[in-house]
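*Asks:* Can you read through this structure? Questions will come right after.
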Amino acid sequence: MSSVAQRKGAMGKILMWGILLLLILYVSTCSYVSHRKTTGFEAVNIGDTEREVIRLLGKPSLREKPGDQPYGRYSSYACSAPCSERLWYENALAFVGEAWSIDLDTDQRVINKSRWVSP
């Protein structure tokens, strides 16, 4: 076998292993984000403050106010009274849409929470 053919074979193996490694990293990172957000979401209780929600889940991906269009990727209904703001947390890495929403009242306390999965 010529050295050119050997180099092509070696490069092909390196490329294959690189792609495999990237896929493994992607799937594990997506799973980590999902697990971390689900764990934080489960720790949120009705009556918790916005500050506690942000401590558990981090900065929201989106803030929805009454009168805003609902976040159509997941929800068909908008934040409306007694909801004064809906905090959205999205797993942007997920192949299927995955998000968590937290509804706050006028005192910035949790009144509802939902997990959303969209095909």
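Read-outs throughout are calculated quantities, based only on the coordinates presented, and are distinct from any laboratory measurement. Keep in mind it's a predicted model, so treat the numbers as computed, not measured. Quick reminder, even Gly has a Cβ in these numbers, built from the backbone with ideal geometry, and neighbours come from all protein chains shown.
*Asks:* Pairs of alpha-carbon atoms within less than 8 angstrom and 6+ residues apart define the contacts here; what relative contact order does the chain have, in percent? Kindly include the intermediate steps, with their values, before the conclusion.
*Replies:* Values: 168 pairs, mean separation 24.2, N = 119.
The normalised contact order for the chain reaches 20 percent.
*Asks:* If you don't mind, there's one more thing I want to ask. Order of 92-104, 57-69 by packing, highest average Cβ count within 10 Å first? Kindly include the intermediate steps, with their values, before the conclusion.
*Replies:* Details: 92-104: 17.5, 57-69: 13.4.
Result, highest mean Cβ count within 10 Å first: 92-104, 57-69.
*Asks:* Using a 10 Å cut-off on Cβ atoms, rank the peptides 74-85, 9-20 from the highest mean neighbour count down. Numbers along the way, then the final one.
*Replies:* On the way: 74-85: 14.7, 9-20: 10.1.
Going from most to least packed, we get 74-85, 9-20.
*Asks:* Mind listing the lone cysteines of the chain, meaning no other Cys beta-carbon sits under 4.7 Å from theirs?
*Replies:* Cys30, each lacking another Cys Cβ under 4.7 Å.
*Asks:* Could you name the aspartates and glutamates whose alpha carbon sits less than 15 Å from that of Lys37, not counting residues in the same chain fewer than 8 places away?
*Replies:* Output for Lys37: Glu52, Glu90, Glu98.
*Asks:* Can you tell me the mean projection area, over all orientations, of the convex hull of region 3-118's alpha carbons? Units nm², please.
*Replies:* Details: hull surface 35.4 nm².
Here the figure is 8.9 nm², rounded to one decimal.
*Asks:* Still on this structure, please answer the following. What is the list of residues in region 72-106 whose amide nitrogen lies under 19 Å from a point 7 angstrom out from the Cα of Ser28, following Cα to Cβ?
*Replies:* The answer is 93-95.
*Asks:* A follow-up question, please. For the chain, take the longest principal axis of its alpha carbons; what is the angle in degrees between that and the long axis of helix 3-43, to the nearest 10 within 0 to 90?
*Replies:* Here the helix axis deviates by roughly 20 degrees.
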